[in-house]
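Structure, as structure tokens:
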Amino acid sequence: LVVFSDVDCPYCRKFEAELTKVDNITVYTFLYPIEGLHPKAVQMSKQIWCAPDRNKAWDDYITRGTVPGNDGKCANPVDATIALGSKLKVGGTPTLFFANGQRVPGMVPAAQLERLLATNAK
């Protein structure tokens, strides 16, 4: 599962909570800050990317609001991800892409996600 997610999106936070209820899933999270809605999201995305443990930094920020202790100044793909999302016409977060290319915009509960994973597996 590929997820375009904004660090400051409340629906992305809800979706992350739902993901904890799903077993046997690999999730690729693309940091996709929507600056017009969340002015600090670009900087925060870069700080998460520049953390020594990106997964932990993401989890800590999205679940507890813990800000990574760096300035976000490292080589990072945030601008490239914004360009990719724009090219794919990702207009909101979270936006989910399944193995077969199916796109689902918005937060979905765990039970619905499991059905979507089953029907969109390649």
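The set of residues in the range 59-79 that are in a helix (DSSP H, G or I) and either open to solvent by 70 Å² or more (accessible area, probe 1.4 Å) or charged (D, E, K, R) (or both) comprises Asp59, Asp60, Thr63, Arg64, Asp79.
Looking at the range 85-98, is at least one residue at pLDDT 95 or above and open to solvent by 80 Å² or more (accessible area, probe 1.4 Å)? Yes: one or more hits. Residues that are open to solvent by 90 Å² or more (accessible area, probe 1.4 Å) and farther than 18 Å from Gly85 by Cβ within the range 18-39 comprise Thr20, Lys21, Asp23, Asn24, listed in sequence order.
Taken over the range 20-58, the criterion of being free of Cβ contacts under 8 Å to residues at least 24 places away in the same chain and either outside any loop (DSSP other than H, G, I, E, B) or among the small types (Gly, Ala, Ser) (or both) is satisfied by Gly36, Ala51, Arg54, Asn55, Lys56, Ala57.
The values are calculated or read from the model by the stated rules, or taken from the named source; none is laboratory data. It should be emphasised that the depicted structure is a prediction, and the values quoted were computed from it without experimental measurement. We place every Cβ from the backbone using ideal geometry, glycine too, and count neighbours over all the protein chains shown. Surface areas here come from the heavy atoms of the whole protein model, side chains and all, with no ligands, DNA or RNA. Shrake-Rupley method; radii C 1.70, N 1.55, O 1.52, S 1.80 Å.
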